[in-house]
Amino acid sequence: GTKYAKTILSLATHGKNVFGNIGFMYANGHLFEVGDVGSEINNAYQTIKNDFRRKDNKALNQRMNEYIELGIVKQSASIGEIRDMFKDANMSVAMESRLNNQKLTLKNQALSAARETGKVFEDAYQAEDDFFKIVAFEIEKSRYAEALYGKPKSELTAEQAAEVDEYVAKIVKNTYPTYSRVPEAIKMIRRNPLIGNFISFQAESYRVAYNTIQLGIEEASSGNPEIRKIGAKRLVGAATGTDNTIDRR
C-alpha cells in the first residue's frame, strides 16, 4: 500500500514517469527526427485518449490492438510490479470476497470507491508509458521504411509493413522498459524486504541502456548508409542522455 501511494497515487511520480520517458526518447535519437515527432505525438495522443476514455473509434481501437499484439504497450515495468505485489498478497481476492459476499457497509463502499480511483491512476500511469512507446514505434517505423525500402511507411505493402512492424517492435521492447522482458530472477528478488523498491524498473533501465548503445553500434557499422544514419543518431543520444534514464524514481 505504501509503494502504491508513493508511485501510482503520487503526482510527482507521474511527472517523473513522463520526464523519464522523454529521456528514453532522447537516448534513442527520436527527438532528433524533427519532421516526424510533432505528427507522431499528435497521433499517439489521439490513440491513447481514445483508449483511456474507452471510446469506440474503430480505427483507433484497431491501432491500439495492433500495438498490444506487437507487445509494445500495456507493459509498464512499475505497473507490472505493483500488480504482481497485489497478486502475491491476494489483495484482489480479499477485496472481491468482501465486496461480493457481504452487504455493502459504508466501509466497503469506501474501499470500492478507493479501488476505482486507484484504477484511474493506474490507467493514467500506463497511458504515460504507452504514449511514448507508440511515438517511438512510429518514428522507428518511419526510419526503417525509408532505410530498407526507400519509401514512407504509408506506402509499404502489407508484407513489407508486417516485416518492419515486427523488427521495429523488437527495437522498442529492447530500448524502452518492458515488463514482459524482466527476468524471473529479478521478479523474485523484489519479494525480499531488504531490497529497494521497484527493482524491476531499475533492472530494465540498465538493460535498455546497454541495448540502446549496442544497437547503435550495430546500426552505425551497417552496410546500409541510411541505417548508419539511424545508428549515429542513436549513439549521440545514448552518449549524452543515458545517465538521465537510469534512475527516475
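Using the Cβ-Cβ distance between Gln160 and Lys58 with R0 set to 30 Å, the FRET efficiency works out to roughly 0.80. Counting only protein chain heavy atoms and rolling a 1.4 Å probe, the accessible areas of Ser39, Ser154, Ser205 rank, largest first, as Ser154, Ser39, Ser205. Just subtract the alpha-carbon distance of Val18 and Asn224 from 0.36 nm times their residue separation and send over the number in nm, one decimal. Roughly 70.8 nm would be gained on extension.
At 1.4 Å probe size, put Met25, Met188 in order of accessible surface, largest to smallest.
Details: Met25 5, Met188 115 Å².
Result of the area sort, largest leading: Met188, Met25.
With the simple model of a label 7 Å out from the Cα in the direction of the Cβ, Ala124 to Leu148 spans 3.8 nm. Shape verdict for the stretch 115-183, please, from the Cα gyration tensor: rounded (a/c under 1.5), prolate (a/b greater than b/c) or oblate. Judged from the Cα gyration tensor, the stretch 115-183 comes out prolate (a/c at least 1.5, a/b above b/c).
Using a simple spin-label model with pseudo-atoms 7 Å out from Cα toward Cβ, Asn174 and Glu69 lie 2.3 nm apart.
The candidates Tyr45, Tyr210, Tyr67, arranged from most to least accessible area with a 1.4 Å probe in the full protein assembly, appear as Tyr210, Tyr45, Tyr67. Other residues within the sphere of radius under 11 Å centred on the Cβ of Phe32, judged by their own Cβ, net out at +2 (K and R +1, D and E -1).
The values are calculated or read from the model by the stated rules, or taken from the named source; none is laboratory data. Because the structure is a prediction, the values reported are computed rather than measured. Positions of Cβ are generated from backbone atoms using ideal geometry, with glycine treated the same way; all protein chains shown enter the neighbour counts. Protein only, heavy atoms only, side chains kept; ligands, DNA and RNA dropped before computing areas. Shrake-Rupley method; radii C 1.70, N 1.55, O 1.52, S 1.80 Å.
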